[in-house]
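**Student:** This is the structure I want to talk about, given as structure tokens.
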Amino acid sequence: MDSGDTITVLVVDGHQTFAELLGHALAGQADLQWVGHARTGAEALRLAAELQPDVIVMDPELSDADGIAIAELMRHRWPDTRVVVLTASNEAALVGRATAAGAAGFLSKNGALGDVLNALRTAHRGSMTVSTDILARLLRSTTPAVAGQRGNGLTAGGLTQREDEVLQLMAAGLDARAVARRLGISVHTCRGYQKAVLAKLGAHSQLEAVAIATRRGLVRPDPR
């Protein structure tokens, strides 16, 4: 649901007080509108179908379901709805699962409120936000893949020119749809390039691929 310039937000979290506090914070923003609160995965799916919000804030630890699995299901049912994962955990494995599920953000509940609000706006624009502390942990825990060789039209990372273009846009925070629009290709083709990038870098998620590429010096300044 798109109400002009207002970004509608559904909060999915089992903690009533936290959800209400976030709702009050959203109410104070001219461009953000809190449209509902779900405590369980089942309730989240029902409200998402009913309200069709622009962005969903998702706690991955729900009482009746895996929030990441719910987020992936939502991505398939409502591809225009963005999901931002907000969690008390900063485990790298959880970040990888969230990005693989198509989450448009991964933030710590210990972070600043302003970061959460900005992440909702960024998600709505089609880009991704990850808390700096979580990204730093991921960078420290990531083991770089063996570098590819130059030649035969490949970059220093062993990527083709098109794969390298996709990697740079991934590093800039664009999701598959935004990358596809930028390069003038289909989303299906874009996802194929993304899978190739992950395979060549030895990564299991887009975020991990960017982390590896960053450590290896393969990421250039933001192309946007």
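The values are calculated or read from the model by the stated rules, or taken from the named source; none is laboratory data. On a predicted model such as this, the values are computed, not experimentally measured, just so you know. Please note: Cβ atoms are built from the backbone with ideal geometry, for glycine as well, and neighbour counts cover all protein chains shown.
**Student:** What number of residues within segment 170-193 are closer than 19 Å to V219 by Cβ and at pLDDT below 90?
**Tutor:** So the answer is 8.
**Student:** Enumerate the strands (runs of 3 or more DSSP E) found wholly within segment 34-129, keeping only those where 2 or more residues are outside the structural domain of V210 (by TED's automatic domain parsing), modelled with pLDDT under 90 and not hydrophobic (A, V, I, L, M, F, W, C).
**Tutor:** 105-108
**Student:** Another question, if that's okay. When only residues in segment 100-123 that are more than 25 Å from L198 (Cα to Cα) and touching a residue at least 60 places away in the same chain (Cβ under 8 Å) count, which is surrounded by the fewest Cβ atoms within 10 Å (Cβ to Cβ)?
**Tutor:** Per the criteria, the residue is L113.
**Student:** Still on this structure: Against the condition surrounded by fewer than 20 Cβ atoms within 10 Å (Cβ to Cβ), touching a Pro at 6+ places or on another chain (Cβ under 6 Å) and either assigned by TED's automatic domain parsing to the domain that holds L113 or at pLDDT below 80 (or both), how does R140 come out, does it pass?
**Tutor:** no
**Student:** Within 16 Å of G96 (Cα to Cα), at pLDDT 80 or above and not in a loop (DSSP other than H, G, I, E, B), is that true of A213?
**Tutor:** yes
**Student:** While we're on this one: Of all the residues that make up segment 71-99, how many are farther than 20 Å from A44 by Cα and either surrounded by fewer than 16 Cβ atoms within 10 Å (Cβ to Cβ) or among the small types (G, A, S) (or both)?
**Tutor:** Residues flagged as farther than 20 Å from A44 by Cα and either surrounded by fewer than 16 Cβ atoms within 10 Å (Cβ to Cβ) or among the small types (G, A, S) (or both) within segment 71-99 amount to 5.
**Student:** Could you check how many residues of segment 183-210 are hydroxyl-bearing (S, T, Y) and part of a helix (DSSP H, G or I)? Quick ask: steps written out before the conclusion?
**Tutor:** Residues of segment 183-210 that are hydroxyl-bearing (S, T, Y), as a first pass: 186, 189, 193, 205.
Filter once more, so that each one left must be part of a helix (DSSP H, G or I): 189, 193.
Summing the residues that are hydroxyl-bearing (S, T, Y) and part of a helix (DSSP H, G or I) in segment 183-210 gives 2.
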